[in-house]
Amino acid sequence: AVNTAKDGEQLDEYQYIEYPTYSAVQDYIKEAKQYAGKEDSLIVADIETSYSRKQDESDYANIKDSEITCVSFAFKKGHAITIPYHSGTHDAIQKLFNLPFTYLGWWNLDFDVPRLKSKGMTFKPKHVDGMLAWHWLQSDVPKGLGFVSTFFTPFREWKSLSDSKPEFYSCRDADATFRNITAIKELIKEV
């Protein structure tokens, strides 16, 4: 509301691949590969599980275990893909993790990484947890993705769409995470 009052409403521009075909996934991998070699390139990955959509990110430690339903990625603003997780997509997801990005941004590093490792995924990039970075900057305010996104994105509320639009919800989580981590990295440089 403060940003809208100050600057007017920003357009929410995005290109999400919510129902990717095999060729769309391959094209996304090729495009990500081009970005991976750039200085300070960043890829964000975010999993959804059968239970994660029903809880706030700050409460993920309470989820004991659940199956991965999809993995969403973003490596540039407004551009995300959600890939359903199953044996037929495992290799494509691993290809994205194999790219030489400088950082791998993650909300809930302690939640996502162990579950992906349990499926045999390996990781090349350095892990950065945006939630912990935000908490370091602003330790006295909420650290959930929906809250933090109000500072760094033009997004309207989307967290309530997890059941009605799960693919959009997952892409939006990855895009929001990318935008937030990018802004948080700049703020940390100023400190």
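The values are calculated or read from the model by the stated rules, or taken from the named source; none is laboratory data. What you see is a predicted model, and the numbers here were worked out from it, not measured in a lab. Cβ atoms come from the backbone with ideal geometry, glycine included; neighbour counts cover every protein chain shown. Remember, those area values only see protein heavy atoms, side chains included, never the ligands or the DNA or RNA. Shrake-Rupley method; radii C 1.70, N 1.55, O 1.52, S 1.80 Å.
General remarks:
- LYS143 vs. criteria in contact (Cβ under 8 Å) with a residue 60 or more places away in the chain and of a type in the set (Lys, Arg): yes
- So PRO154, is it surrounded by fewer than 18 Cβ atoms within 10 Å (Cβ to Cβ) and either in a loop (DSSP other than H, G, I, E, B) or basic (Lys, Arg) (or both): yes
- Of everything in segment 1-17 that is assigned to a loop (DSSP other than H, G, I, E, B) and open to solvent by less than 70 Å² (accessible area, probe 1.4 Å), the residue that is farthest from ASP110 (Cα to Cα) is GLY8.
- Failed condition for TYR28, given (1) open to solvent by 40 Å² or more (accessible area, probe 1.4 Å); (2) of a type in the set (Ser, Thr, Tyr); (3) within 17 Å of the chain's Cα centre (by Cα): (1)
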